[in-house]
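**Q** Before anything else, here's the structure in question.
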Amino acid sequence: MAEPMARRVGLFVTCLVDLIRPSVGFAAATLLEDAGCTVEVPPQSCCGQPAFNSGDRATAREIAAQVIVAFAPYDYVVAPSGSCAGMLKVHYPELFRGDPNWQPHADALAEKTYELVSFLVDVCGLDRVKARLEATATYHDSCSSLRELGVRDQPRRLLATVEGLRLAEMRDTEVCCGFGGTFCVKYPEISNAIVAKKAAAIAATGADLLLAGDLGCLMNMAGKLQRDGAKIEARHVAEVLAGMTHEPAIGVPPRRGAA
Amino acid sequence: MVDLAPHTATSPWFKDNARTALADAELQNALKFVEANFIARRREVAGQLPEFELLRDSARDIRDHTLAHLDLYLAAYEKRVVEHGGHVHYAVTGEDAQRIVLGICRKLGARTVTKGKSMVAEEIGLNDFLEAHGVIPVETDLGEYIVQLRQEMPSHIIAPAVHLTKAQIESEFRRVHTHLPRDRNLAEPTSLLAEARAVLREKFLTADVGITGANFLVAETGTSVIVTNEGNGDLTQTLPRAHIVLASIEKLVPTLEDLSQLLRVLARSATGQEMSVYTTLSTGPRRPDDPDGPAEYHVVLLDNGRSSMLGGAFRDMLRCIRCGACMNHCPIYHAVGGHAYGWVYSGPMGAVLTPSLIGIDRAGHLPNASTFCGRCEEVCPVRIPLPRMMRSWREREFEQHLSPATVRSGLAFWAFFAKRPRLYGIATAAAARLLGFVGRRWGRFAWLPLASGWTRHRDFPAPQGATFQAQWKSAERGRLARSYVSSAGGQSGKGTGGTDGRDRRAPGPPP
Amino acid sequence: MTPRQLILATIRRSLAVTGTEATRGLEVAARVIRHPPGVVPERGQRLPAERLDLFARMVKAAAGTVERAGDPTDIPAAVAAFLRAHNLPLAIRRGDDPLLSSVPWERAGTLEIRLGASDGNDLAAISHAFAAVAETGTLVLTSGPDNPTTLNFLPDVHIVVVSASDVVSDFETAMARLRGRFGAGVMPRAVNMITGPSRSADIEQTLILGAHGPRRLHVIVVGEP
């Protein structure tokens with residue numbers, strides 16, 4: 001039987017993962033390698049969303065062009081983030097519409113870009129993971145994942161195969177957490193009001209673990225939960241699926257002393 | 001009396017308005033109902049109609065087609081109105097429309113006019129203008145009547161008093177309806193409604209002129225369409241001597257069949273009903289053998305910037321059929337309500353339309369106060385790409401240097417690095433090390449310089465200590481990611497959350 | 001330039017057209033003449049008997065009430081019974097509608113019939129609908145001396161008679177009937193499409209019936225489809 005060609009994946013690690021929580025990137029790479037992909041990480045900075053959503057189209061295009069060039073060699077571009085994947089998949093073509101030089105390349109990149117979990121399930125055909133974790137978790141659907149990329153069932157399907165993990169759905173999973181990129185710092189009180197509702201919904205599930213596919217949302221929700229003194233920990237769904245939960249959860253200090 | 005003319009919009013003070021709204025306990029209580037009821041009802045009724053998504057496509061296409069031929073449909077519409085004995089008046093600006101309406105009222109010697117709900121009338125500040133010129137307008141939609149008593153703007157385009165509690169409404173009725181016995185019982189909503197019915201019935205029967213808006217104008221027949229649940233629009237337009245329809249030019253639809261398509265998505269999107277109770281098609285004044293109906297029928301067609309919008313980036317906004325679904329689903333609207341937006345139109349549709357009508361310099365906050373969650377676009381019956389349009393406004397602001405200087409410079413600083421990945425890598429590695437070191441003890445920051453917007457309400461997680469890219473680069477070629485254990489994790493050898501017994505080696509110290 | 005000219009000129013400039021293009025003119029004329037129907041839900045597409053059942057269900061779902069009558073001679077008794085059941089005086093207003101005029105009202109004995117438009121002093125009125133739409137339980141009434149519009153809105157109680165054969169599947173069929181009756185591009189002063197009694201949810205989103213229009217809507221479907 002012929003071995004299938006390994007899928008050559010360029011990992012778009014995302015600026016938040018890169019700076020704040022690299023373990024998510026390693027979890028993503030682990031999952032991709034386990035699914036038979038080769039993973040490479042070209043030099044990268046950001047998808048350009050902050051500029052794009054602030055109306056600075058020129059900077060957004062410059063950054064997008066960088067990304068398009070850097071990720072040209074790969075079969076697939078995978079990001080552990082719905083909002084960054086959405087930026088590449090949905091908005092890069094918008095940025096270059098009508099530009100005969102760049103539009104074909106933007107379209108080509110969009111075609112091969114995926115959010116991590118939907119890539120694993122929809123492209124690699126992954127239907128279970130080998131991870132084990134004794135916990136009750138609740139999953140938040142980030143807006144981009146849900147509405148730009150149609151990611152909803154895939155993470156739940158894989159989480160259901162994590163031995164020992166129980167999934168408790170919160171009400172209003174599909175409601176925004178209030179992060180919105182620069183929104184949360186431009187309109188902090190409104191963002192706070194929105195995340196307070198989300199925190200209440202999370203707490204009402206009785207879960208001890210909050211999961212999502214976007215680090216921005218997770219930082220926002222975890223930050224609020226911690227400020228409120230809630231006992232819920234937050235992780236990126238990739239960490240749980242990869243069985244790499246030895247890292248402290250988001251915003252939790254490292255344990256002192258070796259085990 | 002609150003002046004609703006554009007120059008007094010409080011949209012520039014959106015942040016203050018929002019702050020006030022967030023602290024308003026009664027408003028927050030009222031908004032909970034908006035979030036719970038409207039969303040559930042729409043979902044249920046849409047789920048009961050298998051063709052709903054196809055109807056949304058059809059509605060969008062009809063609106064697009066009409067807008068692309070608006071000049072011709074307007075002319076066709078006008079011709080039919082006149083054939084039926086009606087009058088058509090064109091108003092370029094809000095002031096023009098005010099003058100036309102007043103002119104008609106004066107010619108008829110009108111003292112009081114009843115009004116069906118009309119957002120266009122709010123847009124041009126018609127009520128204040130009429131009052132200032134000796135004509136008394138009486139709002140007849142219950143929600144509009146209530147906010148008129150309170151001298152407020154409506155806070156939602158289809159449920160004007162949605163921000164009020166029963167107690168607030170009762171106290172308003174007691175304050176104003178002084179001809180009724182003081183000791184009457186108004187504890188139940190039914191008694192409040194009965195009182196409003198009786199008070200307004202008097203006004204209906206004695207009004208000289210009735211003014212309504214129009215949900216749609218049908219070109220095929222010269223017909224104006226209003227959609228209500230109360231029947232107030234019908235009493236407004238049937239009983240007085242004259243009916244004035246105040247409608248903006250983009251309300252046109254070509255045929256009665258096109259109207260049917262739009263009606264199927266309007267009520268479902270707005271209130272979760274299959275049909276509103278009263279959908280009325282009015283064409284011209286009473287006929288010679290009509291025993292009732294207005295002797296005169298006037299249509300005032302308002303432009304107020306729409307004809308220019310047709311040629312620009314915000315043309316799709318003209319598809320809007322004013323259902324309110326977008327604001328019913330908006331997390332920002334749920335948090336602050338409609339008044340915070342500072343003018344007539346609120347929620348996502350207000351965020352896109354208001355800058356077109358009163359200028360982006362005054363309404364700048366509105367398209368900025370969005371997380372782009374996309375729920376609005378998801379439910380819009382005519383599929384307006386609302387987040388994309390809000391972004392277009394942000395682009396215009398950026399081009400015109402209207403965003404605050406701090407935001408611009410912050411962005412420029414970030415962009416400098418983001419455009420240079422290698423430099424970015426160095427800068428972020430340094431930042432991650434520094435913040436990771438400082439934040440190691442508690443794992444998070446309760447306060448960060450330059451990030452007080454975040455840390456006022458939330459903790460900020462400390463970085464793990466070395467950037468991903470730095471660590472990935474420092475790994476040997478071909479080493480598998482699964483053997484990674486980060487330095488911040490501090491585990492040597494053993495992993496928790498037992499997995500599949502994978503080999504774990506601690507790497508060297510971070511570069 | 002008149003306001004009309006200015007507005008049309010701005011529209012044309014925005015659309016980058018002159019307004020004299022033949023294709024555009026033809027497109028508009030064609031759409032108005034052909035009035036293509038769009039997406040018509042399957043729901044109303046029922047055989048006549050099932051259509052009546054659907055209509056009745058939808059009327060009730062909109063808080064109306066509905067009964068069947070074998071033929072117009074049954075109407076007076078039905079009206080009297082309804083008024084009595086709701087503790088209303090035995091008086092009802094109607095227009096010159098031929099069907100309602102032909103009904104043997106004397107069979108209801110003491111039922112007082114008032115003729116013509118309402119001035120607001122009637123508690124009950126009866127109209128004969130032009131058609132009804134099964135899809136949503138909607139009645140279609142047209143203005144005129146036969147069925148004055150004020151009867152639809154002023155009284156507390158509105159009884160509407162509709163012939164079973166006039167209960168159509170969908171809005172498009174109703175619109176086609178209007179066109180057939182009045183002519184292409186011609187409409188009566190008012191067509192009221194009524195679905196249930198008047199209501200408001202403006203007070204804390206509590207649904208209450210009887211806002212400004214009738215508190216009760218009762219439909220009598222007469223005859224066989």
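**Q** Of the residues C:Ala201, C:Ala184, C:Ala164, C:Ala176, which is touching a helix residue (DSSP H, G or I) at 6+ places or on another chain (Cβ under 7 Å) and either more than 10 Å from every other protein chain (Cβ to nearest Cβ) or among the aliphatic types (A, V, I, L, M) (or both)? Reasoning before the result, please.
**A** Numbers: C:Ala201 fails: touching a helix residue (DSSP H, G or I) at 6+ places or on another chain (Cβ under 7 Å); C:Ala184 fails: touching a helix residue (DSSP H, G or I) at 6+ places or on another chain (Cβ under 7 Å); C:Ala176 fails: touching a helix residue (DSSP H, G or I) at 6+ places or on another chain (Cβ under 7 Å).
Residue meeting the stated conditions: C:Ala164.
**Q** Still on this model: From the residues in the range C:14-44 that are more than 8 Å from chain B (Cβ to nearest Cβ) and small (Gly, Ala, Ser), which one is farthest from B:Leu259 (Cα to Cα)?
**A** The residue in question is C:Ala22.
**Q** Scanning the range C:141-161 for residues that are surrounded by fewer than 24 Cβ atoms within 10 Å (Cβ to Cβ) and on the phi < 0 side of the Ramachandran plot, which turns out farthest from the chain's Cα centre (by Cα)?
**A** Within the range C:141-161, the first condition is being surrounded by fewer than 24 Cβ atoms within 10 Å (Cβ to Cβ), and the residues that meet it are C:142, C:144-146, C:156-157.
Filter again for on the phi < 0 side of the Ramachandran plot, leaving C:142, C:145-146, C:156-157.
Numbers: C:Thr142: 7, C:Pro145: 15, C:Asp146: 13, C:Asp156: 17, C:Val157: 15 Å.
Going through the qualifying residues, I end up with C:Asp156.
**Q** Continuing with the same structure: Test B:Glu378 against the stated conditions and say whether it is surrounded by fewer than 18 Cβ atoms within 10 Å (Cβ to Cβ), in contact (Cβ under 8 Å) with a residue 12 or more places away in the chain, at the interface with chain A (Cβ under 9 Å from one of its Cβ atoms) and under 21 Å from A:Glu94 (Cβ atoms).
**A** Details: surrounded by fewer than 18 Cβ atoms within 10 Å (Cβ to Cβ): yes; in contact (Cβ under 8 Å) with a residue 12 or more places away in the chain: yes; at the interface with chain A (Cβ under 9 Å from one of its Cβ atoms): yes; under 21 Å from A:Glu94 (Cβ atoms): yes.
When the stated conditions are applied, B:Glu378 passes them.
**Q** Please find, among B:Ala121, B:Ala97, the residue that is crowded, with 22+ Cβ neighbours inside 10 Å, in contact with a Pro (Cβ under 9 Å, 6 or more places away or on another chain) and either of a type outside the set (D, E, K, R) or assigned to a helix (DSSP H, G or I) (or both). Write out each step before concluding.
**A** Details: B:Ala97 fails: in contact with a Pro (Cβ under 9 Å, 6 or more places away or on another chain).
Sole residue among the options that is crowded, with 22+ Cβ neighbours inside 10 Å, in contact with a Pro (Cβ under 9 Å, 6 or more places away or on another chain) and either of a type outside the set (D, E, K, R) or assigned to a helix (DSSP H, G or I) (or both): B:Ala121.
**Q** Anything in the range A:28-47 that is more than 7 Å from chain B (Cβ to nearest Cβ) and either of a type in the set (Phe, Trp, Tyr) or outside any helix (DSSP H, G or I) (or both)? List them, or say none. Give the derivation first.
**A** Here is the first cut: in the range A:28-47, the ones more than 7 Å from chain B (Cβ to nearest Cβ) are A:28, A:31-32, A:34-38, A:40, A:42, A:47.
The answer is A:Ala35, A:Gly36, A:Cys37, A:Thr38, A:Glu40, A:Pro42, A:Cys47.
**Q** Looking at (1) within 13 Å of another protein chain (Cβ to nearest Cβ); (2) buried (at least 24 other Cβ atoms within 10 Å of the Cβ), which is the only condition B:Pro385 fails?
**A** (2)
**Q** Same structure again: More than 11 Å from chain B (Cβ to nearest Cβ), modelled with pLDDT of 95 or more and part of a helix (DSSP H, G or I) - does that describe any residue in the range A:133-143?
**A** Initial filter on the range A:133-143 (more than 11 Å from chain B (Cβ to nearest Cβ)): A:136-140.
So of that shortlist, the ones also modelled with pLDDT of 95 or more come out as A:136-140.
Those still in the list that are part of a helix (DSSP H, G or I) too: none.
Checked against the condition, which is being more than 11 Å from chain B (Cβ to nearest Cβ), modelled with pLDDT of 95 or more and part of a helix (DSSP H, G or I), the range A:133-143 yields no hits at all.
**Q** Mind telling me which of the residues C:Gly144, C:Gly185, C:Gly196 ends up being touching a Gly at 6+ places or on another chain (Cβ under 7 Å), part of a loop (DSSP other than H, G, I, E, B) and among the small types (Gly, Ala, Ser)?
**A** Numbers: C:Gly144 fails: touching a Gly at 6+ places or on another chain (Cβ under 7 Å); C:Gly185 fails: touching a Gly at 6+ places or on another chain (Cβ under 7 Å).
From the options C:Gly144, C:Gly185, C:Gly196, the qualifying one is C:Gly196.
**Q** Starting from residues that are touching a strand residue (DSSP E or B) at 6+ places or on another chain (Cβ under 6 Å) and of a type in the set (Gly, Ala, Ser), keep the ones in the range B:268-310 and report whichever is nearest to C:Arg179 (Cα to Cα).
**A** Across the range B:268-310, the extreme among qualifying residues is B:Ser282.
**Q** Something else now. May I ask you to list the residues in the range C:85-111 that are over 23 Å from C:Ala164 (Cβ atoms), of a type in the set (D, E, K, R) and either surrounded by 24 or more Cβ atoms within 10 Å (Cβ to Cβ) or at pLDDT 95 or above (or both)?
**A** C:Arg93
**Q** When the range B:391-448 is examined, which residues are found to be within 8 Å of chain A (Cβ to nearest Cβ), in a helix (DSSP H, G or I) and among the aliphatic types (A, V, I, L, M)?
**A** B:Val407, B:Leu411, B:Ala415, B:Ala418, B:Ala431, B:Ala432
**Q** Given (1) surrounded by fewer than 24 Cβ atoms within 10 Å (Cβ to Cβ); (2) within 23 Å of C:Arg189 (Cα to Cα), identify the lone condition not met by C:Ala132.
**A** Only one criterion is unmet by C:Ala132, namely (1).
Condition check ((1) hydroxyl-bearing (Ser, Thr, Tyr); (2) assigned by TED's automatic domain parsing to the domain that holds A:Ile63; (3) surrounded by fewer than 15 Cβ atoms within 10 Å (Cβ to Cβ); (4) more than 30 Å from A:Ala222 (Cβ to Cβ)) across all residues:
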{"position": "A:His91", "(1), (2), (3), (4)": "no, yes, no, no"}
{"position": "A:Phe96", "(1), (2), (3), (4)": "no, yes, no, yes"}
{"position": "A:Asp99", "(1), (2), (3), (4)": "no, yes, yes, yes"}
{"position": "A:Trp102", "(1), (2), (3), (4)": "no, yes, no, yes"}
{"position": "A:Ala106", "(1), (2), (3), (4)": "no, yes, no, yes"}
{"position": "A:Tyr114", "(1), (2), (3), (4)": "yes, yes, no, no"}
{"position": "A:Val117", "(1), (2), (3), (4)": "no, yes, no, no"}
{"position": "A:Ala135", "(1), (2), (3), (4)": "no, no, no, no"}
{"position": "A:Asp141", "(1), (2), (3), (4)": "no, no, no, no"}
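**Q** Here's a follow-up. Give me the pairs: first residue in the range B:269-284 and on the phi > 0 side of the Ramachandran plot, second residue β-branched (Val, Ile, Thr) and not in a strand (DSSP E or B), beta-carbon distance under 7 Å, and six or more apart or on different chains, which are they?
**A** Once the first residue is on the phi > 0 side of the Ramachandran plot and sits in the range B:269-284, its partners that are β-branched (Val, Ile, Thr) and not in a strand (DSSP E or B) give B:Gly272/B:Val45; B:Gly284/B:Val81.
**Q** Using beta carbons and a limit of 6 Å, which pairs, at least six apart or on different chains, have the first residue in the range B:170-194 and without any contact (Cβ under 8 Å) to a residue 40 or more places away in the chain and the second one assigned to a loop (DSSP other than H, G, I, E, B)?
**A** Sorted first by the residue in the range B:170-194, then by its partner, the pairs are B:Glu170/B:Leu186; B:Glu172/B:Arg150; B:Leu192/B:Leu186.
**Q** Taking the residues in the range A:187-212 that are in contact (Cβ under 8 Å) with a residue 12 or more places away in the chain and part of a loop (DSSP other than H, G, I, E, B) as candidates, determine which candidate is surrounded by the fewest Cβ atoms within 10 Å (Cβ to Cβ). Break it down into steps so the answer makes sense when it comes.
**A** So the first thing to find is which residues in the range A:187-212 are in contact (Cβ under 8 Å) with a residue 12 or more places away in the chain, and the list is A:190-199, A:201-212.
Now drop any that are not part of a loop (DSSP other than H, G, I, E, B), which leaves A:205-208.
On the way: A:Thr205: 19, A:Gly206: 11, A:Ala207: 21, A:Asp208: 16.
The extreme case among them is A:Gly206.
**Q** Can you find, within the range B:218-261, the residue that is surrounded by the fewest Cβ atoms within 10 Å (Cβ to Cβ) among those that are facing another protein chain (nearest Cβ under 7 Å) and touching a Pro at 6+ places or on another chain (Cβ under 6 Å)?
**A** B:Glu257
**Q** Residues in the range C:204-223 that are within 21 Å of C:Leu100 (Cβ to Cβ) and more than 7 Å from chain B (Cβ to nearest Cβ): how many? Break it down stepwise before answering.
**A** Residues of the range C:204-223 that are within 21 Å of C:Leu100 (Cβ to Cβ), as a first pass: C:213-214, C:216-223.
Then keep just the ones that are more than 7 Å from chain B (Cβ to nearest Cβ); that gives C:214, C:216-223.
Number satisfying all stated conditions: 9.
**Q** Can you pull out the residues in the range A:64-89 that are in a helix (DSSP H, G or I) and surrounded by fewer than 24 Cβ atoms within 10 Å (Cβ to Cβ)? Can you show your working first?
**A** Going residue by residue through the range A:64-89, those that are in a helix (DSSP H, G or I) are A:64-70, A:82-89.
Answer for the range A:64-89, where residues must be in a helix (DSSP H, G or I) and surrounded by fewer than 24 Cβ atoms within 10 Å (Cβ to Cβ): A:Ala65, A:Gln66, A:Ile68, A:Val69, A:Ala70, A:Lys89.
**Q** In addition: Mind listing just one residue for me: the one in the range A:1-27 that is more than 7 Å from chain B (Cβ to nearest Cβ) and part of a loop (DSSP other than H, G, I, E, B) and, of those, nearest to the chain's Cα centre (by Cα)? Give the derivation first.
**A** First pass over the range A:1-27, keeping only residues more than 7 Å from chain B (Cβ to nearest Cβ): A:1-12, A:14-16, A:24, A:27.
The next check asks that each one be part of a loop (DSSP other than H, G, I, E, B); those that pass are A:1-6, A:12, A:14.
Working: A:Met1: 35, A:Ala2: 33, A:Glu3: 30, A:Pro4: 27, A:Met5: 26, A:Ala6: 23, A:Phe12: 10, A:Thr14: 8 Å.
That would be A:Thr14.
**Q** Tally the residues that are in a loop (DSSP other than H, G, I, E, B) and more than 14 Å from every other protein chain (Cβ to nearest Cβ), restricting the search to the range C:91-124.
**A** Initially, the range C:91-124 is screened for residues in a loop (DSSP other than H, G, I, E, B), giving C:95-97, C:103-104, C:109-111, C:116-123.
Narrowing further to those that are more than 14 Å from every other protein chain (Cβ to nearest Cβ): C:103-104, C:109-111.
Count: 5.
Okay, residues lined up against (1) without any contact (Cβ under 8 Å) to a residue 24 or more places away in the chain; (2) part of a helix (DSSP H, G or I):
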residue: C:Met1; (1), (2): yes, no
residue: C:Val39; (1), (2): yes, no
residue: C:Arg46; (1), (2): no, no
residue: C:Met58; (1), (2): no, yes
residue: C:Arg84; (1), (2): yes, yes
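**Q** Condition first: in contact with a strand residue (DSSP E or B) (Cβ under 6 Å, 6 or more places away or on another chain) and part of a loop (DSSP other than H, G, I, E, B). Now tell me which residues in the range A:213-244 satisfy that.
**A** Residue satisfying the conditions is A:Ile232 alone.
**Q** On the basis of being under 19 Å from B:Phe460 (Cβ atoms), within 12 Å of chain B (Cβ to nearest Cβ) and under 15 Å from the mean Cα position of the chain (by Cα), does A:Gly216 make the cut? Break it down stepwise before answering.
**A** Values: under 19 Å from B:Phe460 (Cβ atoms): yes; within 12 Å of chain B (Cβ to nearest Cβ): yes; under 15 Å from the mean Cα position of the chain (by Cα): yes.
So A:Gly216 fits the description; yes.
**Q** Also: If I filter the range B:279-286 for residues that are within 10 Å of chain C (Cβ to nearest Cβ), among the hydrophobic types (A, V, I, L, M, F, W, C), more than 17 Å from B:Glu123 (Cα to Cα) and buried (at least 24 other Cβ atoms within 10 Å of the Cβ), do I get at least one hit? Can you show your working first?
**A** First, pick out the residues of the range B:279-286 that are within 10 Å of chain C (Cβ to nearest Cβ): B:279-286.
Next, only the ones that are among the hydrophobic types (A, V, I, L, M, F, W, C) stay: B:281.
Still in the running and more than 17 Å from B:Glu123 (Cα to Cα): B:281.
When the remaining residues are screened for being buried (at least 24 other Cβ atoms within 10 Å of the Cβ), the result is B:281.
Yes, there is a match, as at least one residue in the range B:279-286 is within 10 Å of chain C (Cβ to nearest Cβ), among the hydrophobic types (A, V, I, L, M, F, W, C), more than 17 Å from B:Glu123 (Cα to Cα) and buried (at least 24 other Cβ atoms within 10 Å of the Cβ).
The values are calculated or read from the model by the stated rules, or taken from the named source; none is laboratory data. Computed from a predicted structure; not experimentally measured. Quick reminder, even Gly has a Cβ in these numbers, built from the backbone with ideal geometry, and neighbours come from all protein chains shown.
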